[in-house]
Amino acid sequence: MFVEIPYPSEQTTRSGWVEVICGSMFSGKTEELIRRLNRAKIAKQEVVIFKPSLDNRYHAQHVISHNANAIYALSVERAELIWENVGTATVIGIDEVQFFDNQIVEVCTKLANMGRRVVVAGLDMDYTGKPFGCMPELMASAEFVTKVHAICVDCGDIAHYSHRIVNVEDTVLIGETDSYQALCRKCFVKKTELKESNQVLGVSSQVSIVSN
């Protein structure tokens, strides 16, 4: 479990940092983000949370985990709007960070350089198993990276792939168990090869939904 680093005393120069929480769908990324931000609030630190406006699965103005834990958040369309709305907060949380434009890396870096603690959560890989958007650069520049895991719905092993179970090829597809399954490496490779084989044969690759 991540243990927060205490801020220096007011008499010293405050150093900021970036924390990245990453993993697949249903791995508890948002749950961990909420946990850290709530602890910062308990410590009487000023906290502000942001989410991309396109992610409105649960609520337009809250970050909500799959386990229904929630925390108020500002919904913004572009990364630069985070910079404009951060105010005097010393702790900045950003959920679903992979959906923001590439300027998000610069925004997080500037905030950390100003002495702020920046905590972001996002998918490290897209549904094809490739690095997702800004995540590689954020993970490379962050002081702390935490990778969380889900449980494979097929075999029960540790899962870190987000397997899409609907026939949509857009990189960004907002969805839940109706659109994705968490799979381990072995099961992901197996289903990916089956999908590719079916596409060659002209057969639908959609599989039955398994609740996690």
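Values in this text are rule-based calculations from the coordinates and carry no lab data. From a predicted model like this one, the values you see are computed outputs, not experimental measurements. All Cβ positions, glycine included, derive from the backbone under ideal geometry; neighbour counts span all protein chains shown.
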Along the charge dipole of the stretch 17-148, Cβ charges K/R +1 and D/E -1, which of Leu138, Phe26, Thr90 sits furthest on the positive end?
-> Thr90
Cβ-based net charge around Ile42, under 15 Å, with every Lys or Arg adding one and every Asp or Glu removing one = +4
Quick one: net charge around Asp154, please, counting Lys, Arg +1 and Asp, Glu -1 for every other residue with C-beta under 12 Å from its C-beta.
-> +3
Counting other Cβ atoms within 10 Å, keep those with at most 15, restrict to DSSP loop, and tell me which GluC sites (Glu not before Pro) in the stretch 154-199 are left.
-> Glu169, Glu176
Amide H to amide H, which residues 5 or more places from Ile49 or on other chains are under 5 Å from it, using H placed in the peptide plane?
-> Leu74, Gly93
Output the pairs from Lys51/Lys191; Lys41/Lys130; Lys130/Lys195; Lys29/Lys191 with a Cα-Cα distance over 27 Å in this structure; if there are none, say none.
-> Lys51/Lys191; Lys41/Lys130
Summed side-chain charge close to Cys184 - residues other than Cys184 whose Cβ falls under 15 Å, Lys, Arg +1, Asp, Glu -1 = +2
Name the shape class, rounded, prolate or oblate, that the alpha-carbon gyration tensor gives for the stretch 17-148, where a ≥ b ≥ c are the square roots of its eigenvalues, rounded holds for a/c under 1.5, and otherwise prolate holds if a/b is larger than b/c and oblate otherwise.
-> rounded
Can you sort Lys191, Lys186 by how many other beta carbons sit within 10 Å, fewest first?
-> Lys186, Lys191
